[in-house]
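Written below as structure tokens is the structure these notes are about.
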Amino acid sequence: MFFVVNENFFNKERANAILPILEDKGIYLDSAFYLPPGSLINSGIGTYLVVLSRKKYDGLFISELKGKNLEQVILNWKARKESKILQNGKLIEHKLFSSYVRLEKEIEVKKIVNKTNLTAVPIENIIISINSLPRKDDSFKEQVNAIYLPNIGLSNVVDNQQEMKIKSRNYFQIILNDSVNNSYLAKWFNTELGLLVRESLMDSTVIQRINKTRLLKTNIYLPKKIVQQEILYIQSKINEFRNELYSIENKAWNYPNSYEQLNRRLEKLNREDGLADWIETLPFPLASILYKYHAIKDGSSKKEFLLHFFEAFAQFQVVLMLSAYIKNGSNLDRKYIYEIDADKLTRATFGTWVHIGENMAKKLRQLLEDSPEQSLRLFQHKRKGILKIISSKQIYNILRRTKEYRNDWKGHGGVESSTERKNRLVLLEKELHLLRKIIGDVYEDYQLIQPGTGHFSSGLYHCNCKLLKGTRNTFIEKNIEVLSGLDIENLYLLEEDGHEPLELLPFIRLIPSPNTQVNVCYFYNRVDQAGVRMVSYYFDQDADITIQDTTIKKILNNLNFN
């Protein structure tokens with residue numbers, strides 16, 4: 001028997017649970033195939049196609065149903081065979097399964113823990129009690145070593161009530177024993193790993209809530225106590241640096257004639273410029289432009305390369321969103337989709353990319369808030385890091401300002417004085433530093449790849465690919481295993497340790513330049529009678545080329561998500 005159910009079906013402890021009744025009648029749960037949000041019309045939550053059988057199996061077969069893996073899933077299910085990846089099928093104990101999404105989060109937690117060599121600590125070993133706020137009270141009774149963990153949503157965990165961002169009754173007060181420091185644990189719960197643990201504790205319902213019973217049974221992952229103390233010491237030094245920088249900034253504006261002394265104070269803090277290291281974490285299409293800015297000394301050229309970078313970054317963001325929406329957005333509610341005027345893209349400008357990106361990002365933020373799981377599957381990711389960057393309102397504030405700077409400077413024309421040039425460079429560098437602060441190291445967890453040769457084996461596509469990261473165009477090669485075949489003509493964005501790379505639309509290409517045959521990254525610029533014009537923002541020997549590309553023209557002619 002086949003039924004479509006929600007995840008409450010698997011909870012045998014519920015008063016109206018049906019599974020125990022079925023088992024008493026000799027009918028058992030054979031398998032649960034996850035249907036992601038959007039699989040069913042007008043459904044923003046995930047459901048399951050469950051199979052009930054007279055035959056009782058020791059393990060429950062779990063997988064995710066998608067068009068591209070359907071055949072392999074059925075083969076594995078019939079043979080009761082496990083795959084290397086969850087989407088294609090796993091066998092787990094019946095009592096351990098409550099939610100496919102929770103299982104996904106737990107797998108992601110294990111991946112991070114294996115990389116960081118942290119120790120699993122049952123949370124019950126480090127706590128004295130977990131308290132909810134009594135109805136009659138407005139605040140918790142103060143405790144010396146306590147944290148406050150939101151039981152709804154993903155607001156920050158804090159170590160004092162004054163820092164709470166939502167209502168007090170939406171927190172658990174967790175009183176800790178002496179084995180862990182409350183400041184350390186509060187910050188840990190706000191890290192990528194801590195957030196994944198919190199998400200794994202939540203019900204997959206419209207209101208994401210942490211169950212207290214489940215919280216008491218979970219593990220957290222911590223270094224030794226002495227390492228915790230060292231991390232807190234590093235944090236205190238960072239706070240000192242922040243205070244020193246604030247002091248320098250304050251005096252610079254109030255006592256400008258003390259600039260020489262303030263420069264000396266800055267030099268003591270800034271012994272090494274970390275910008276070059278950060279550039280190496282970026283995808284090659286962006287890093288290659290920033291490297292030219294960083295390496296060159298001429299102020300005018302530095303300014304132009306920064307303007308090129310911001311335009312390329314705006315386009316890169318839109319290409320990621322467009323790729324996800326066109327490939328996976330057909331079942332989305334229309335309220336999450338920004339309708340693009342394709343005519344504007346036939347002759348795209350910096351302003352075009354900013355305008356489209358800003359509106360798409362707004363829709364994506366709404367989707368992230370309403371249905372986080374649907375957002376992740378839209379981009380074929382398990383973690384939200386890159387989605388937060390793509391949809392960031394602050395980033396589009398930066399892009400809008402830089403676009404306005406460029407329009408203003410070009411519109412006024414005339415000869416640019418050395419003073420104007422210096423001031424303009426300072427403005428753009430300020431925006432770069434703000435962008436760097438927002439992006440951080442997020443791209444260390446994602447790989448832009450160019451596929452090479454590959455083959456299918458055991459239901460997975462094994463492919464040798466190039467990692468397009470950093471400033472060098474001699475790329476590191478890596479073997480990956482993914483769900484479906486990859487086109488060597490396209491670029492893909494792959495989450496670290498992921499198995500579902502997102503195919504990027506060919507608005508960004510890595511191809512040999514016509515005159516040098518050197519592999520160069522080109523960005524789409526416009527369509528005209530001669531063909532599709534592509535530009536490189538860093539390679540001056542062949543900076544502007546025209547190619548014949550029917551794919552881009554077809555995308556522009558059919559630019560919708562139906």
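So that you can scan it fast, the table gives a plain yes or no per residue for (1) over 26 Å from E369 (Cα atoms); (2) of a type in the set (A, V, I, L, M); (3) in contact with a strand residue (DSSP E or B) (Cβ under 9 Å, 6 or more places away or on another chain):
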site	(1), (2), (3)
V5	no, yes, yes
E13	yes, no, no
K25	yes, no, no
Y34	no, no, yes
Y48	no, no, yes
L65	no, yes, yes
N76	yes, no, yes
E82	yes, no, yes
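For region 381-421, the set of residues classified as open to solvent by 70 Å² or more (accessible area, probe 1.4 Å) and aliphatic (A, V, I, L, M) consists of V415 only. Considering (1) in contact with a helix residue (DSSP H, G or I) (Cβ under 8 Å, 6 or more places away or on another chain); (2) in a loop (DSSP other than H, G, I, E, B); (3) charged (D, E, K, R), the lone condition that K187 does not fulfil carries the number (2). If you filter region 337-353 down to residues that are without any contact (Cβ under 8 Å) to a residue 12 or more places away in the chain and hydroxyl-bearing (S, T, Y), you find that the one that is least open to solvent (accessible area, probe 1.4 Å) is T352. Residue pairs whose Cβ atoms lie under 9 Å apart, sitting 6 or more positions apart in sequence or on different chains, and linking a residue in region 105-131 that is small (G, A, S) to a partner that is outside any helix (DSSP H, G or I) and surrounded by 13 or more Cβ atoms within 10 Å (Cβ to Cβ), are A120/N219; A120/I220; A120/Y221; A120/L222; S129/Q173; S129/I174; S129/I175.
Consider region 214-230 and keep the residues that are in a helix (DSSP H, G or I) and either open to solvent by 80 Å² or more (accessible area, probe 1.4 Å) or among the basic types (K, R) (or both). The one that is farthest from S183 (Cα to Cα) is R214.
Of all the criteria given as (1) modelled with pLDDT of 90 or more; (2) surrounded by 14 or more Cβ atoms within 10 Å (Cβ to Cβ), the one not satisfied by K297 is (2). Scanning region 142-177 for residues that are of a type in the set (K, R) and part of a loop (DSSP other than H, G, I, E, B) turns up K165, K167.
Having 3 or more residues that are over 21 Å from the mean Cα position of the chain (by Cα) and closer than 24 Å to K554 by Cα is the bar; report the strands (runs of 3 or more DSSP E) wholly within region 465-543 that clear it.
Details: elements: 476-482, 492-495, 508-512, 519-528, 531-535.
Where strands (runs of 3 or more DSSP E) fall fully within region 465-543 and carry at least 3 residues being over 21 Å from the mean Cα position of the chain (by Cα) and closer than 24 Å to K554 by Cα, they are 508-512, 519-528, 531-535.
Filtered by the rule that a residue be open to solvent by 10 Å² or more (accessible area, probe 1.4 Å) and either over 26 Å from Q447 (Cβ atoms) or over 18 Å from the mean Cα position of the chain (by Cα) (or both), region 309-336 gives E311, I326, S330, N331, L332, D333, R334, K335, Y336.
Every residue, every condition in (1) touching a Phe, Trp or Tyr at 6+ places or on another chain (Cβ under 8 Å); (2) surrounded by 13 or more Cβ atoms within 10 Å (Cβ to Cβ), yes or no:
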position: L428; (1), (2): yes, yes
position: L434; (1), (2): no, yes
position: D445; (1), (2): no, yes
position: P451; (1), (2): yes, yes
position: E477; (1), (2): no, no
position: D497; (1), (2): no, yes
position: P501; (1), (2): yes, yes
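Taking the criterion of being under 20 Å from P223 (Cβ atoms), in contact with a strand residue (DSSP E or B) (Cβ under 7 Å, 6 or more places away or on another chain) and not polar (S, T, N, Q), the residues of region 162-179 that qualify are I174, L176. Among residues of region 233-254 that are assigned to a helix (DSSP H, G or I), those with a beta-carbon under 9 Å from a residue that is surrounded by fewer than 10 Cβ atoms within 10 Å (Cβ to Cβ) at least six positions away or on a different chain give the pairs E244/K268. Within region 92-104, residues that are without any contact (Cβ under 8 Å) to a residue 60 or more places away in the chain and under 14 Å from D30 (Cα atoms) sit with their Cβ atoms under 8 Å from residues that are of a type in the set (D, E, K, R) and open to solvent by 30 Å² or more (accessible area, probe 1.4 Å), at 6+ positions apart or across chains, in these pairs: E93/D58.
Take the residues in region 165-185 that are touching a Ser or Thr at 6+ places or on another chain (Cβ under 9 Å) and more than 19 Å from K136 (Cα to Cα); name whichever of them is modelled with the lowest pLDDT. Before you say what the answer is, go through the steps one by one.
So in region 165-185, the residues touching a Ser or Thr at 6+ places or on another chain (Cβ under 9 Å) come out as 165-166, 168-175.
From the residues that got through so far, the ones that are more than 19 Å from K136 (Cα to Cα) too are 165, 174-175.
Details: K165: 91, I174: 96, I175: 95.
Checking each candidate, the answer is K165.
Would you be able to say whether some residue in region 114-130 is assigned to a helix (DSSP H, G or I), open to solvent by 10 Å² or more (accessible area, probe 1.4 Å), among the β-branched types (V, I, T) and touching a strand residue (DSSP E or B) at 6+ places or on another chain (Cβ under 8 Å)?
Quick first cut of region 114-130, residues assigned to a helix (DSSP H, G or I) only: 114-116, 123-125.
Remaining after also requiring open to solvent by 10 Å² or more (accessible area, probe 1.4 Å): 114-116, 124-125.
If we keep only those that are among the β-branched types (V, I, T) too, we end up with 116.
Next, from what is left, pick out any that are touching a strand residue (DSSP E or B) at 6+ places or on another chain (Cβ under 8 Å): 116.
Yes: one or more hits.
Scanning region 266-289 for residues that are without any contact (Cβ under 8 Å) to a residue 60 or more places away in the chain and buried (at least 17 other Cβ atoms within 10 Å of the Cβ) yields a total of 1. The number of residues in region 532-562 being open to solvent by less than 40 Å² (accessible area, probe 1.4 Å), out of contact with any helix residue (DSSP H, G or I) (no Cβ under 6 Å at 6 or more places or on another chain) and closer than 22 Å to I326 by Cβ comes to 5.
Going through region 341-353 one residue at a time, which ones are among the hydrophobic types (A, V, I, L, M, F, W, C) and either part of a loop (DSSP other than H, G, I, E, B) or within 25 Å of L378 (Cα to Cα) (or both)? Please lay out each step first, then the result.
First pass over region 341-353, keeping only residues among the hydrophobic types (A, V, I, L, M, F, W, C): 342, 345, 348, 350, 353.
The answer is A342, L345, A348, W353.
For region 228-286, how many residues meet the condition of being touching a strand residue (DSSP E or B) at 6+ places or on another chain (Cβ under 8 Å) and hydrophobic (A, V, I, L, M, F, W, C)? Qualifying residue count for the region: 2.
Residue-by-condition table, conditions (1) in a helix (DSSP H, G or I); (2) within 24 Å of the chain's Cα centre (by Cα); (3) under 30 Å from F241 (Cα atoms):
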| residue | (1), (2), (3) |
| --- | --- |
| L290 | yes, yes, yes |
| S300 | yes, no, no |
| L307 | yes, no, no |
| E339 | no, yes, no |
| I356 | yes, yes, no |
| N359 | yes, yes, no |
| L364 | yes, yes, no |
| S375 | yes, yes, no |
| H381 | no, yes, no |
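The strands (runs of 3 or more DSSP E) found wholly in region 1-87 and carrying at least 1 residues that are open to solvent by 10 Å² or more (accessible area, probe 1.4 Å), aromatic (F, W, Y) and in contact (Cβ under 8 Å) with a residue 12 or more places away in the chain occupy 2-5, 28-35.
The values are calculated or read from the model by the stated rules, or taken from the named source; none is laboratory data. Note that the structure is predicted; figures quoted are calculated from it, not measured. Cβ coordinates were reconstructed from backbone atoms using ideal geometry, including for glycine residues, and neighbour counts include every protein chain displayed. Note: areas computed on protein heavy atoms with side chains; ligands, DNA, RNA excluded. Shrake-Rupley method; radii C 1.70, N 1.55, O 1.52, S 1.80 Å.
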